[in-house]
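Peer 1: Structure provided below as structure tokens; questions to follow.
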Amino acid sequence: MIEAENWNIITTVLIIVGFGFSMLLWGIFLYFLFISAFGWIKRKEIAPSNFLASKRFAILIAAHNEEKVIASAIKSVKKVKYPTNLFDIFVIADNCNDDTAKIAKAEGVFVYERFDSELKGKGYALDWMFNNLFEMENKYDGMCVLDADNLVSVNFLMEMNKHLCLGHEAIQGYIDSKNPSDTWISGNNSIAFWISNRLIQLPRYYMGLSCILGGTGFVVSAKLIKELGWGATCLAEDLEFSLKMILKGKKVYWAHDAIVYDEKPLKIKQSWIQRKRWMQGHFNCAGRFLKPLFIRAITKKDVIAMDMCIYLTQPIIVAVNGIGMIGSFAYLLLTTMAKGYSLTTLMYAAITLGFLYVSGIFVFMEGKLTSKAFKHLILMPLYNLTWVPIIIQGFIGRNKNVWTHTLHTRDIEIDDLKTNK
């Protein structure tokens, strides 16, 4: 048995460690809050019309069994306001066993079919396609990556042209939703992206830090791919390449007005599988890149690298806060049942309402606060709590690299959307 004196020492050490960890988490939380403040007010951007449409784009649409949505994606790209001789559309039909390739060919675009039973996933497909492009006679300035369920705003390529003309080598566009009103899951997923765009991506761009590639709706220069190689093949290939760039002293820029609309999952199971895959890739990248990023941050006094070190801890903050929220609500329920409503009850109710109020403000600032969005906001705390087990599962499965496909069924045309800049 542990003697009383030793037990007191152990208890004291645990309290000190727990307090230190708590302070660290609060410090990181306050850092995120500080960063987000720079996105509250949008700045006036240089008009894309100030730059001649001169950059040539290869539009890569990654598709795995996407026969229901691929035609709409292609038609959307064809409608962009950009010289048609300055962009080509390539569909990567990756391990398809449906009519994706056939439908894409009927739309008159270049179709490259890839079959590989071992190297599965979007990262491998992009790596393969980049190599094909570099062997072609036609040369491109920018490689634009889209998913088969995407629709793009008509100004998308003009905005990206502007950034390439400014010398920016990697640019992430605004990831919006084409079906935010379908279900409470698609609604809350949409809200999460709107808030992320405004409070994570935009402020980092304004502060001169690096944004993060979001898997779709981004452009990387051909020069950058040739210099670094793609080689990003984990379940979060977008984050992986972003971190590779930062280790080389480069960064990702942000195009708030270059909008790509994607299909959000309709059901909790679909959303769960998708987000678990994101977290597996996130933790895989954290395990491989956190140490070299930290070393670069210290030895080279690289603020961007240090910011990414902190960013990689974000899921831990979400999980800890979620667990704390669950414990708090359990305590609230028990005390309310035992003693009736109390000051504690009112306090937790105020915190919840405050969270919804603040979230609603930023959804409103993005011009997205519809009656449906307001209803979805009410369920957002429940949606956020589902992140806790998802993050835990993602950490446990961080070394697994099995790609899981998200089924897309919402065949919406770009003209059906109310906003198409």
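Peer 1: Would you mention how many residues in the range 198-219 are closer than 19 Å to E366 by Cβ, part of a loop (DSSP other than H, G, I, E, B) and out of contact with any Gly (no Cβ under 7 Å at 6 or more places or on another chain)?
Peer 2: Count: 4.
Peer 1: Of the conditions (1) over 28 Å from N179 (Cβ atoms); (2) assigned to a loop (DSSP other than H, G, I, E, B), R288 clears all except one; give me its number.
Peer 2: (2)
Peer 1: Related question: If a residue has to be in a helix (DSSP H, G or I) and free of Cβ contacts under 8 Å to residues at least 60 places away in the same chain to count, how many in the range 357-388 make the cut?
Peer 2: Residues flagged as in a helix (DSSP H, G or I) and free of Cβ contacts under 8 Å to residues at least 60 places away in the same chain within the range 357-388 amount to 10.
Peer 1: Is there a residue in the range 119-127 that is under 15 Å from H64 (Cβ atoms), without any contact (Cβ under 8 Å) to a residue 60 or more places away in the chain and not acidic (D, E)?
Peer 2: Within the range 119-127, not a single residue is under 15 Å from H64 (Cβ atoms), without any contact (Cβ under 8 Å) to a residue 60 or more places away in the chain and not acidic (D, E).
Peer 1: Still on this structure, please answer the following. Can you find, within the range 83-110, the residue that is surrounded by the fewest Cβ atoms within 10 Å (Cβ to Cβ) among those that are closer than 15 Å to H408 by Cβ and β-branched (V, I, T)?
Peer 2: Taking the candidates together, the pick is I103.
Peer 1: Sticking with this one: Restricting attention to the range 80-92, does a residue exist that is of a type in the set (S, T, Y), assigned by TED's automatic domain parsing to the domain that holds E237 and farther than 12 Å from L60 by Cα?
Peer 2: Within the range 80-92 (the criterion being of a type in the set (S, T, Y), assigned by TED's automatic domain parsing to the domain that holds E237 and farther than 12 Å from L60 by Cα), the answer is yes, since at least one residue qualifies.
Peer 1: Restricting attention to the range 66-79, which residues are touching a helix residue (DSSP H, G or I) at 6+ places or on another chain (Cβ under 6 Å) and either among the polar types (S, T, N, Q) or part of a helix (DSSP H, G or I) (or both)?
Peer 2: I70, A71, S76
Peer 1: Within the range 129-138, take every residue that is surrounded by fewer than 17 Cβ atoms within 10 Å (Cβ to Cβ) and touching a residue at least 12 places away in the same chain (Cβ under 8 Å) and give me the one that is farthest from K226 (Cα to Cα).
Peer 2: So the residue we want is N138.
Peer 1: Has the range 286-297 got any residue that is touching a Gly at 6+ places or on another chain (Cβ under 7 Å), modelled with pLDDT of 90 or more and not acidic (D, E)?
Peer 2: No, the conditions are met nowhere in the range 286-297.
Peer 1: While we're looking at this one, here's another question. Only one of L312, L293 is over 15 Å from the mean Cα position of the chain (by Cα), within 16 Å of F241 (Cα to Cα) and surrounded by 17 or more Cβ atoms within 10 Å (Cβ to Cβ). Can you tell me which?
Peer 2: Sole residue among the options that is over 15 Å from the mean Cα position of the chain (by Cα), within 16 Å of F241 (Cα to Cα) and surrounded by 17 or more Cβ atoms within 10 Å (Cβ to Cβ): L293.
Peer 1: Any chance the range 176-197 includes a residue that's assigned to a strand (DSSP E or B) and buried (at least 20 other Cβ atoms within 10 Å of the Cβ)?
Peer 2: yes
Peer 1: If you don't mind, there's one more thing I want to ask. What tally of residues in the range 223-237 results from selecting those that are under 13 Å from the mean Cα position of the chain (by Cα) and either free of Cβ contacts under 8 Å to residues at least 12 places away in the same chain or surrounded by fewer than 23 Cβ atoms within 10 Å (Cβ to Cβ) (or both)?
Peer 2: 0
Every residue, every condition in (1) at pLDDT below 95; (2) closer than 21 Å to G231 by Cα, yes or no:
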residue: Y140; (1), (2): no, yes
residue: K162; (1), (2): no, no
residue: D176; (1), (2): no, no
residue: W184; (1), (2): yes, no
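Peer 1: Can E113 be described as of a type in the set (D, E), assigned to a loop (DSSP other than H, G, I, E, B) and out of contact with any His (no Cβ under 9 Å at 6 or more places or on another chain)?
Peer 2: No; evaluated as a whole, the condition is false for this residue.
The values are calculated or read from the model by the stated rules, or taken from the named source; none is laboratory data. Just so it is clear, the model here is predicted, and its values are computed rather than measured. Every residue, glycine among them, receives a Cβ derived from its backbone with ideal geometry; neighbour counts consider all protein chains shown.
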